[in-house]
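Colleague: Mind looking over this structure? Questions follow.
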Amino acid sequence: MLIRTAPPSERETVGALRVLAYEHQGLLDASPVYAHTLRGLGWEDGDEVLVAETEGRVVGTVVFVPWGPRCEIARGPDEAEVRALAVDPSARRSGVGAALVRALVDRARAEGVARLVLCTRTVMTGAQRLYESQGFVRLPERDWTPVPGVDLLAYELVVEG
């Protein structure tokens with residue numbers, strides 16, 4: 001498996017993968033318009049879209065968002081956000097998500113980021129297990145509800161130099 005930065009030419013492929021992964025888990029049912037947001041995340045200046053590729057096919061993706069105006073729960077320049085982790089349903093439970101998270105930690109370390117923060121839906125128990133297995137811990141004071149019916153749990157990882 002290769003983890004790499006996605007070029008803008010893969011925007012459509014990455015967006016379709018995100019929507020597929022979220023739809024497969026029923027995560028767009030409460031807010032179907034979020035599919036549009038998913039397709040566009042990470043292509044702004046400063047953000048980095050990472051992809052996992054196996055046999056020439058993109059099977060996973062995640063976004064590294066340094067502190068800035070697009071952050072939802074990061075509170076300062078020593079933090080960065082993890083956004084839109086998605087794995088192709090056919091590649092779930094094969095280590096793709098863990099590899100992407102490890103690549104994010106390496107990216108944060110290289111940037112001098114002290115903490116990675118993220119939100120996950122309460123129903124995303126598999127994602128919660130993944131994050132916890134990689135050392136993330138709950139950050140309940142930053143839990144929030146962006147739209148009715150979508151409750152988000154916050155997590156953080158202290159990045160060691």
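Colleague: So how many residues does region 83-107 have that are open to solvent by less than 30 Å² (accessible area, probe 1.4 Å) and in a helix (DSSP H, G or I)?
Modeller: 10
Colleague: GLU156 - would you say it is out of contact with any Leu (no Cβ under 9 Å at 6 or more places or on another chain) and over 17 Å from GLY26 (Cβ atoms)?
Modeller: no
Colleague: Counting residues that are open to solvent by 50 Å² or more (accessible area, probe 1.4 Å) and on the phi < 0 side of the Ramachandran plot, which strands (runs of 3 or more DSSP E) fully inside region 109-161 reach at least 3? Talk me through it step by step, then tell me what you get.
Modeller: On the way: elements: 115-121, 144-147, 150-158.
By residue number, 144-147.
Colleague: Something else: Kindly establish whether ARG109 is farther than 24 Å from THR13 by Cβ and among the basic types (Lys, Arg). Working first, answer last.
Modeller: Working: farther than 24 Å from THR13 by Cβ: yes; among the basic types (Lys, Arg): yes.
Yes: the conditions hold for ARG109.
Colleague: When the residues of region 1-56 are filtered to those that are among the charged types (D, E, K, R) and farther than 23 Å from ALA103 by Cα, which remaining residue is surrounded by the most Cβ atoms within 10 Å (Cβ to Cβ)? Steps first, answer last, please.
Modeller: Filtering region 1-56 down to residues among the charged types (D, E, K, R) leaves 4, 10-12, 18, 23, 29, 39, 44-45, 47-48, 53, 55.
Now drop any that are not farther than 23 Å from ALA103 by Cα, which leaves 23, 29.
Details: GLU23: 15, ASP29: 10.
This residue is GLU23.
Colleague: Assess whether ALA80 counts as being farther than 19 Å from GLY15 by Cβ, at pLDDT 95 or above and crowded, with 23+ Cβ neighbours inside 10 Å. Give the derivation first.
Modeller: Values: farther than 19 Å from GLY15 by Cβ: yes; at pLDDT 95 or above: yes; crowded, with 23+ Cβ neighbours inside 10 Å: yes.
For ALA80, the condition - farther than 19 Å from GLY15 by Cβ, at pLDDT 95 or above and crowded, with 23+ Cβ neighbours inside 10 Å - is met.
Colleague: Something else now. Within the group ARG142, ARG121, ARG115, ARG107, which residue is farther than 23 Å from GLY46 by Cβ, in contact with an Asp or Glu (Cβ under 9 Å, 6 or more places away or on another chain) and charged (D, E, K, R)? Walk me through how you get there before you give the answer.
Modeller: Values: ARG142 fails: farther than 23 Å from GLY46 by Cβ; ARG115 fails: farther than 23 Å from GLY46 by Cβ; ARG107 fails: farther than 23 Å from GLY46 by Cβ.
Answer to the selection: ARG121.
The values are calculated or read from the model by the stated rules, or taken from the named source; none is laboratory data. Just so it is clear, the structure is predicted and the values come from calculations on it, not from any experiment. Ideal geometry is used to build each Cβ from the backbone, glycine not excepted, and the neighbour counts take in all protein chains shown. Just the protein is used for accessible areas: all its heavy atoms, side chains included, with ligands, DNA and RNA removed. Shrake-Rupley method; radii C 1.70, N 1.55, O 1.52, S 1.80 Å.
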